[in-house]
Amino acid sequence: MPAAKKLLFAAASMLALAACGGGESTTQPPPITTPAPPPATSPLFKAELRSLTVSEVETIVAQAVGEAQARSAPATIAVVDRVGNVIAVFQMNGARTLTTVRDGPSGTPSSSLQGVEVPATLAAISKAITGAYLSSGGNAFSTRTASQIVQEHFPPAPTTVGLESGPLFGVQFSQLPCSDLNTRAIGGGPTIGPQRAPLGLAADPGGFPLYKDGFVVGGIGVITDDDYGFDPNILDVDTSDEEAIAWAGTSGFKAPATIRANRIAVDGTTLRFTDTIDSDLMSTPSSAPSFASITGGVAGDLVDVTAYFDGASGGGVYAGTAYGAEGSGIREATGAEYSNSDIYVLTNGAGTNRYPAISGTDGASVASPLTAAEVTALLEEAFAIMTAARGQIRQPLNSRAQVSISIVDTNGQILGIVRGPDAPIFGTDVSLQKARTAAFFSNDVAAADLTGTPGPSIAGFNTTKSVASFVQDVRDFIPDPTALTGTFAFADRSGGNLSRPYFPDGEVGTANGPLSLPITQWSIFDTGLQASLIVDNILQHVGHVLGNNPDTAPACSALPDIPSLGGTQNRLQNGIQIFPGSVPIYRGDILVGGIGVSGDGIDQDDMISFLGVHNAGERLGGAINNAPSAIRADQIVISVNGAPVRLRYINCPFNPFVGSDEQNVCQGK
C-alpha cells in the first residue's frame, strides 16, 4: 500500500427499466391498497429495556484484550451502546495510534478518503457503531456483513463481476460526523442518540453487535493494523486478528444464532456474519483477566477521544443507555403525538419529540407547502404499510418489516420522523438522507445548487472531483441539456442507477453512471458525487480529533444555503444516499417534498415510501400524490452501446403482505 498521506490543515482550509411505479395514467385513481388491520396485539417485535452495566463493559474489554494478548496483536477496542454512545475506548500498549483508509484501485491517484491516515480510535468507534446500528431484535449484522452489501458487485468475489451492486450500496456514507440529525457527545457520559459515527459506517471486519436476552445493547469495534478497508472476496474464509479479538469480546453478549446474517438471504445469497468461530480463538474468554488487572498501563489503558469519549470522567467506563428509554433519545410515541402506540419517535431526553409533524417551510418557492396534517397522514399511512409488510432482513420468516420514515419539504427541512419500535438505528439517518435526495434531485434548483458548490477546501490533500462538474456529466450522459431542473421526478432508485460505476448496474464493459466515477478510480471510499459532497466535512472532523482545527459544523456539504431559511441551512444537511427507498411528493404536478424509508429490504423500503404517499393522497382526497407517471425518471431512456436502457423509479415486492395474497401492489399507481 502506498505511504499514508498526512492531513495538512492550513488556516484557510478551516472554513467552516420500467418499474412498478411507472404505469400509465388513468382517469380514475386506482383503489387504495389497504393492508389488513393488525391484530389487537401488536405484530411488531418491541425491544425491552436492556443496557450494558459498567461491569459488563469492563468484561467485554477484558475478554477482547485477552485474545489480543494471545495473538500478540495490540489493539484499540471501542464499545458503544445501541444508540451510539461511546462507553469505553481501550488502547493496548504497543497498539498503533493511526490506521490508513484503504487506497483505491492500483495505479490510480488517491482521491476523497482513500489513503487518509486516521486515528485508530475513530476506526474502532465506527466499527462498533456499525455493529450496533445495523442490527435489531430480528437481524444481527457485523462489519463483515456491511462489507458484503456495499460493494460494486453482490456478492463481492472475483467470479461475480457482472452482477449488480450490493443492496446497501452507499450506506457507508451515512451517520456522518456532519449530520444535522445525529447527535454529538458532550462529555461526561452517554446522552441522547442516535450519535454520529466518525468515519461513517464501517466495512472493515472487526465490528459486532452486542446482545442481552436477545435485545441489542451495543457494539464492539477493534482495530490492530494499518488497513481500514473491506473484504473483496466472499468466497474465501479470512483469518483476521481484528475479527477474532472482537469476537472474543462478545462472549456472553453474542447475537442469537437464529438472527445472525448467515441466516438471512438477499436475492438468493446468504449474508456473511463472521469468518471467526469459537474454536479459532487463542484465548478462553470466560477465563479472561479482570479489567482491574489490565488497566492503568499494565496491558494498556482507557483513552480519551476528542468529541466522543471523556475517559477521565466517572471512572473512565460508562454504563450504556437502555434503548427505548427517554434518555436514549428514542421512545414510544405518546397518545398526543400519534394514536398508534407502535410508533416510536426521536426525543430530546426531556420528553419533547425532536421531529413532530410540522408544515413545510418552503412557502417562498412552493404555492401550497405540505401541511402538518398532510405530514401526519404521510407518516401514519407509510407506517401502516410497514406494519403489514413482510420483512426481508428479519427472522423468523414472516416477521413484519421495521423501518424509519422521514418527510422533508423542498428545502430539505425535516417535517417529521417516525420509527418502528425495533427498526435498526442506521435507518434513521439514512431515511432522512433518502428523503432529501429524492426531493433534491426532483427540484428545479438541483443543478444550480450543485454548480454553486465550491470545490474542496481542505488544502494539501487528495484531489476530489468537484461537485459542480457532475451536473454537466449528467446532462451529457442522458443526454439532456436541462437535466436536474425539475423536469423529471427522481426516486432514490433512479439517482442510484446514475451513481453506479457500471451503467447499467453491474454490467461490465460500459461507462460509469454520471454521478459515479469510472471503475478504474472508484472505491467504497470515493463513490462519486456522494463522497465529493461530504469529504471536506470528514477530513475537517478528523483534523479536529487530531487537535488541528475546529470540528465540522452540523451541516454536511457546501451547497448554497437557502436564503428563505435565514441562510443557515442547505438542502442536503446530512449528505445524499444512493440506494433505493424514497420518492418525491407532489401536489398535482408541483413538487412539495420527499419521503424516505430505511431499515429493511430495499424493495420494502421502496414500497413503503411509494404506497405511503399514494394512500395518504387517497386519505386526503387527492390533496397530495406521487409524481405523475409522465414525469417519473423511468421515462428516461439512455442509449448504452446502441441499446436503450431505461432508468428505474421504484421496485416493489411481488407478494409483500403477511397474511395476504395481494400481488403487484404498486402497479398502476
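The values are calculated or read from the model by the stated rules, or taken from the named source; none is laboratory data. Values in this document were obtained by computation on a predicted structure and should not be read as measured data. Note: ideal-geometry Cβ built from the backbone for every residue, glycine included; neighbour counts use all protein chains shown.
Can you list the helices (runs of 4 or more DSSP H) lying wholly within region 45-157 that have 2 or more residues being touching an Asp or Glu at 6+ places or on another chain (Cβ under 8 Å)?
Working: elements: 54-70, 120-133, 143-149.
Helices (runs of 4 or more DSSP H) meeting the threshold: 120-133, 143-149.
Can we say SER639 is surrounded by fewer than 24 Cβ atoms within 10 Å (Cβ to Cβ) and out of contact with any strand residue (DSSP E or B) (no Cβ under 8 Å at 6 or more places or on another chain)?
Values: surrounded by fewer than 24 Cβ atoms within 10 Å (Cβ to Cβ): yes; out of contact with any strand residue (DSSP E or B) (no Cβ under 8 Å at 6 or more places or on another chain): no.
No; evaluated as a whole, the condition is false for this residue.
Assuming PHE208 fulfils every condition listed in (1) more than 23 Å from the chain's Cα centre (by Cα); (2) farther than 26 Å from PRO158 by Cβ apart from one, which condition is it?
It fails just one condition, (1).
Working only within region 447-469, note down all residues that are surrounded by fewer than 21 Cβ atoms within 10 Å (Cβ to Cβ) and among the hydrophobic types (A, V, I, L, M, F, W, C).
Those that are surrounded by fewer than 21 Cβ atoms within 10 Å (Cβ to Cβ) and among the hydrophobic types (A, V, I, L, M, F, W, C): ALA448, ALA459, ALA468.
Can you name the number of the only condition in (1) surrounded by 14 or more Cβ atoms within 10 Å (Cβ to Cβ); (2) more than 30 Å from GLN540 (Cβ to Cβ); (3) not hydroxyl-bearing (Ser, Thr, Tyr) that GLY315 fails?
(1)
I need the full set of residues from region 454-482 which are at pLDDT below 95 and either in contact with a Leu (Cβ under 6 Å, 6 or more places away or on another chain) or outside any loop (DSSP other than H, G, I, E, B) (or both), in order please. First the steps, then the outcome.
Residues of region 454-482 at pLDDT below 95: 454-466.
If the condition is that a residue be at pLDDT below 95 and either in contact with a Leu (Cβ under 6 Å, 6 or more places away or on another chain) or outside any loop (DSSP other than H, G, I, E, B) (or both), then SER457, ILE458, GLY460 are the ones that fit.
Against the definition (among the aliphatic types (A, V, I, L, M), touching a helix residue (DSSP H, G or I) at 6+ places or on another chain (Cβ under 7 Å), over 30 Å from SER142 (Cα atoms) and buried (at least 24 other Cβ atoms within 10 Å of the Cβ)), how does LEU370 come out, yes or no?
Values: among the aliphatic types (A, V, I, L, M): yes; touching a helix residue (DSSP H, G or I) at 6+ places or on another chain (Cβ under 7 Å): no; over 30 Å from SER142 (Cα atoms): yes; buried (at least 24 other Cβ atoms within 10 Å of the Cβ): yes.
No, not satisfied.
Every residue in region 254-273 that is part of a loop (DSSP other than H, G, I, E, B) and touching a Phe, Trp or Tyr at 6+ places or on another chain (Cβ under 6 Å), please.
Correct list: ALA255 only.
Pull out all pairs, ordered by first then second residue, where Cβ-Cβ is under 7 Å, the residues are six or more apart or on different chains, the first lies in region 268-290 and is farther than 15 Å from ASP236 by Cβ, and the second is among the hydroxyl-bearing types (Ser, Thr, Tyr).
LEU271/THR145; PHE273/SER142; PHE273/THR145; PRO285/SER251; SER286/SER251
Kindly indicate which of SER174, SER111, SER106, SER165 is within 15 Å of the chain's Cα centre (by Cα) and of a type in the set (Ser, Thr, Tyr). First the steps, then the outcome.
Values: SER111 fails: within 15 Å of the chain's Cα centre (by Cα); SER106 fails: within 15 Å of the chain's Cα centre (by Cα); SER165 fails: within 15 Å of the chain's Cα centre (by Cα).
Being within 15 Å of the chain's Cα centre (by Cα) and of a type in the set (Ser, Thr, Tyr) holds for just one of SER174, SER111, SER106, SER165, which is SER174.
Output the residue which, of all residues in region 620-643 that are more than 27 Å from the chain's Cα centre (by Cα) and polar (S, T, N, Q), is modelled with the lowest pLDDT. Walk me through it before giving the result.
Taking region 620-643 first, the residues more than 27 Å from the chain's Cα centre (by Cα) are 620-624, 628-631, 635-643.
Checking the rest, the ones that are also polar (S, T, N, Q) come to 629, 635, 639, 641.
Details: SER629: 98, GLN635: 98, SER639: 96, ASN641: 92.
Selected residue: ASN641.
Which number in (1) part of a loop (DSSP other than H, G, I, E, B); (2) surrounded by fewer than 24 Cβ atoms within 10 Å (Cβ to Cβ); (3) in contact with a Ser or Thr (Cβ under 9 Å, 6 or more places away or on another chain) marks the one condition that GLY575 misses?
(2)
I'd like to check something: does region 343-358 contain any residue that is buried (at least 23 other Cβ atoms within 10 Å of the Cβ), touching a Pro at 6+ places or on another chain (Cβ under 7 Å) and closer than 29 Å to ASP603 by Cβ?
There is at least one residue in region 343-358 that is buried (at least 23 other Cβ atoms within 10 Å of the Cβ), touching a Pro at 6+ places or on another chain (Cβ under 7 Å) and closer than 29 Å to ASP603 by Cβ.
Among the residues that make up region 589-598, is at least one of them part of a loop (DSSP other than H, G, I, E, B), not hydroxyl-bearing (Ser, Thr, Tyr) and not assigned by TED's automatic domain parsing to the domain that holds SER174?
First, pick out the residues of region 589-598 that are part of a loop (DSSP other than H, G, I, E, B): 589.
This time we only want the ones that are not hydroxyl-bearing (Ser, Thr, Tyr), so: 589.
Pick out the ones that are also not assigned by TED's automatic domain parsing to the domain that holds SER174 and you get 589.
Within region 589-598, one or more residues are part of a loop (DSSP other than H, G, I, E, B), not hydroxyl-bearing (Ser, Thr, Tyr) and not assigned by TED's automatic domain parsing to the domain that holds SER174.
Would it be correct to say that VAL403 is buried (at least 20 other Cβ atoms within 10 Å of the Cβ), touching an Asp or Glu at 6+ places or on another chain (Cβ under 6 Å) and over 22 Å from ASP536 (Cβ atoms)?
Working: buried (at least 20 other Cβ atoms within 10 Å of the Cβ): yes; touching an Asp or Glu at 6+ places or on another chain (Cβ under 6 Å): yes; over 22 Å from ASP536 (Cβ atoms): yes.
Taking the combined requirement at face value, the residue satisfies it.
Just need a number here: residues in region 603-636 that are buried (at least 24 other Cβ atoms within 10 Å of the Cβ) and not in a strand (DSSP E or B).
Start the filter on region 603-636 by keeping residues that are buried (at least 24 other Cβ atoms within 10 Å of the Cβ), which leaves 604-614, 616-617, 624, 626-627, 632-634.
When the remaining residues are screened for being not in a strand (DSSP E or B), the result is 604-614, 616-617, 624, 626-627, 633-634.
The qualifying residues number 18.
Kindly provide the set of residues from region 496-513 that are over 20 Å from PHE525 (Cα atoms) and touching a strand residue (DSSP E or B) at 6+ places or on another chain (Cβ under 9 Å), ordered by number. Full working, then the answer.
Kept after step one, since they are over 20 Å from PHE525 (Cα atoms), are these residues of region 496-513: 504, 507-510.
Of everything in region 496-513, those that are over 20 Å from PHE525 (Cα atoms) and touching a strand residue (DSSP E or B) at 6+ places or on another chain (Cβ under 9 Å) turn out to be PRO504, GLU507, VAL508, THR510.
Spot the failing condition for THR269; the list is (1) under 30 Å from LEU163 (Cβ atoms); (2) buried (at least 23 other Cβ atoms within 10 Å of the Cβ), and only one is missed.
Going through (1) under 30 Å from LEU163 (Cβ atoms); (2) buried (at least 23 other Cβ atoms within 10 Å of the Cβ) one by one, THR269 breaks only (2).
Look at ASP342 and say whether it is part of a loop (DSSP other than H, G, I, E, B) and within 23 Å of the chain's Cα centre (by Cα). Break it down stepwise before answering.
Details: part of a loop (DSSP other than H, G, I, E, B): yes; within 23 Å of the chain's Cα centre (by Cα): yes.
Criteria met by ASP342.
Name the single residue, out of those in region 637-669 being charged (D, E, K, R) and part of a loop (DSSP other than H, G, I, E, B), that is nearest to SER499 (Cα to Cα). It would help to see each step written out before you state the result.
Taking region 637-669 first, the residues charged (D, E, K, R) are 646, 648, 661-662, 669.
Going one step further and asking which of them are part of a loop (DSSP other than H, G, I, E, B), we end up with 648, 661-662, 669.
Values: ARG648: 13, ASP661: 35, GLU662: 33, LYS669: 26 Å.
Checked region 637-669; the qualifying residue nearest to SER499 (Cα to Cα) is ARG648.
Can you name every residue in region 644-659 that is modelled with pLDDT of 95 or more and of a type in the set (Gly, Ala, Ser)?
None; the set is empty.
Please work out which residue is farthest from GLY596 (Cα to Cα), limiting yourself to region 460-501 and to residues that are of a type in the set (Phe, Trp, Tyr) and more than 22 Å from the chain's Cα centre (by Cα). Lay out the reasoning, then the answer.
Narrowing region 460-501 to residues of a type in the set (Phe, Trp, Tyr): 461, 470, 477, 488, 490.
Checking the rest, the ones that are also more than 22 Å from the chain's Cα centre (by Cα) come to 461, 470, 477, 488.
Working: PHE461: 34, PHE470: 23, PHE477: 26, PHE488: 18 Å.
Among those residues, the one meeting the criterion is PHE461.
Which pairs turn up if I take residues in region 97-113 that are within 18 Å of ALA202 (Cα to Cα) and look for partners that are surrounded by fewer than 18 Cβ atoms within 10 Å (Cβ to Cβ) and of a type in the set (A, V, I, L, M, F, W, C) with beta carbon separation below 8 Å, at least 6 apart in sequence or on another chain?
LEU98/ALA4; THR100/MET1; THR100/ALA4; ARG102/MET1; ASP103/MET1
Filter region 41-86 down to residues that are among the small types (Gly, Ala, Ser) and at pLDDT below 95 and give me whichever is nearest to LEU210 (Cα to Cα).
If we filter region 41-86 for residues that are among the small types (Gly, Ala, Ser), which is where we start, we get 42, 47, 51, 55, 62, 64, 66, 68, 70, 72-73, 75, 78, 84.
Restricting the remaining residues to those that are at pLDDT below 95 gives 42, 47.
Values: SER42: 26, ALA47: 14 Å.
For region 41-86, the residue satisfying everything is ALA47.
So if I check each of THR437, THR428, THR485, which one is assigned to a loop (DSSP other than H, G, I, E, B) and at pLDDT 95 or above?
Values: THR437 fails: assigned to a loop (DSSP other than H, G, I, E, B); THR428 fails: assigned to a loop (DSSP other than H, G, I, E, B).
Only one candidate passes the filter, namely THR485.
Looking for whichever is more than 23 Å from GLY84 (Cβ to Cβ) and part of a loop (DSSP other than H, G, I, E, B) here; the options are GLU374, GLU337. Which one fits? Walk me through it before giving the result.
Values: GLU374 fails: part of a loop (DSSP other than H, G, I, E, B).
It is GLU337.
Somewhere in region 184-204, is a residue within 17 Å of ARG436 (Cα to Cα) and not assigned by TED's automatic domain parsing to the domain that holds LYS434? Spell out how you get there, then give the answer.
Initial filter on region 184-204 (within 17 Å of ARG436 (Cα to Cα)): none.
No, every residue in region 184-204 fails to be within 17 Å of ARG436 (Cα to Cα) and not assigned by TED's automatic domain parsing to the domain that holds LYS434.
Quick test of your reading of the structure: ILE538 fulfils all but one of (1) in a helix (DSSP H, G or I); (2) farther than 30 Å from TYR308 by Cα; (3) in contact with a Leu (Cβ under 8 Å, 6 or more places away or on another chain). Name the failing condition by number.
(2)
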